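K.L.:
Sharing a structure with you now.
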């Protein structure tokens, strides 16, 4: 299992130790949740913070834009050195065009669906993206309870990926812990985003290892 700890749950009063932990851990990515207070009812952090994080972090960046008009920020995300730029299906009326532009900028393209968005809305884009993120909570706040219907959506998405030419990995974000992580692994998830479960644990690096072992 791939693991992408969410910076949203780190200690913003003292980020350096948390970033050092991520760097020395077995985490595969660092997940950056960008919120604008418009698309979601909260504001997280912007590019000045992300630039500082990118300068210290040796892990690939998994940038999740929970914002309106995410296509305006493609070049800035590229300039961070991000490997993945992830946009919401619900925020992109011209989703195929946005995915093309992300690729042209040299990044992998991800698309996210909210809890109320059906998997079948991805049928016409699934072969063009490298990642699909299933939100298992309503986006905007960390520490929420896992929505069980996400398991059904992951199974549907697994079938869609496996029956097409898509090479997309399936990522899940929201309420991930040891128990829900195991259920998601069994449903077909490839990567887990975990925030409070990792950063709030007594031994975050060990918690990351335990999540990675879920697909063994």
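Values in this text are rule-based calculations from the coordinates and carry no lab data. Source: prediction; values computed, not measured. When we count neighbours, we look across all protein chains shown, and the Cβ atoms used for this are built from the backbone with ideal geometry, even at glycine.
K.L.:
Any idea how far apart residue 105 and residue 155 come out in nm if each label point goes 7 Å out from Cα toward Cβ?
P.N.:
Going from the residue 105 label point to the residue 155 one covers 3.6 nm.
K.L.:
Taking every DSSP beta bridge with both residues inside the chain, roughly what % is antiparallel (nearest 5)? Before the final figure, lay out the partial values.
P.N.:
Details: 1 of 33 bridges.
Here the antiparallel bridges make up roughly 5 percent for the chain.
K.L.:
Let me ask you something else. Please state the relative contact order of the chain as a whole percent: Cα pairs under 8 Å, 6+ residues apart?
P.N.:
Numbers: 427 pairs, mean separation 48.8, N = 216.
Relative contact order comes out at 23 percent.
K.L.:
Using only Cα atoms, locate the centre of segment 1-54 and the centre of segment 154-197, then give the distance between them in Å, rounded to an integer.
P.N.:
Answer, in whole Å: 20.
K.L.:
Residue separation times 0.36 nm, minus the C-alpha to C-alpha distance between residue 56 and residue 124: what's the value? Don't jump to the answer; show the numbers that get you there.
P.N.:
On the way: separation 68, 0.36 × 68 = 24.48 nm, distance 3.75 nm.
Extra length from residue 56 to residue 124 when fully extended: 20.7 nm.
K.L.:
Right, something else. Using a 10 Å cut-off on Cβ atoms, rank the peptides 110-121, 2-13 from the highest mean neighbour count down.
P.N.:
Per-residue Cβ counts within 10 Å, averaged per peptide and sorted highest first, yield 2-13, 110-121.
K.L.:
When ranked by the protection proxy of mean other Cβ atoms within 10 Å per residue, highest first, what sequence do the peptides 56-68, 33-45 form?
P.N.:
Numbers: 56-68: 20.7, 33-45: 17.6.
My ranking of the peptides, most packed first, is 56-68, 33-45.
K.L.:
Something else about it: Scale the Cα Rg of the chain by the rule-of-thumb value 2.2 N^0.38 Å and send over the ratio, two decimals.
P.N.:
Values: Rg = 15.8 Å, N = 216, 2.2 N^0.38 = 17.0 Å.
For the chain, the normalised Cα radius of gyration comes out at 0.93.
K.L.:
Highest first, please rank the peptides 86-95, 198-207 by the mean number of other Cβ atoms sitting within 10 Å of their residues.
P.N.:
The densest-packed peptide leads the list: 86-95, 198-207.
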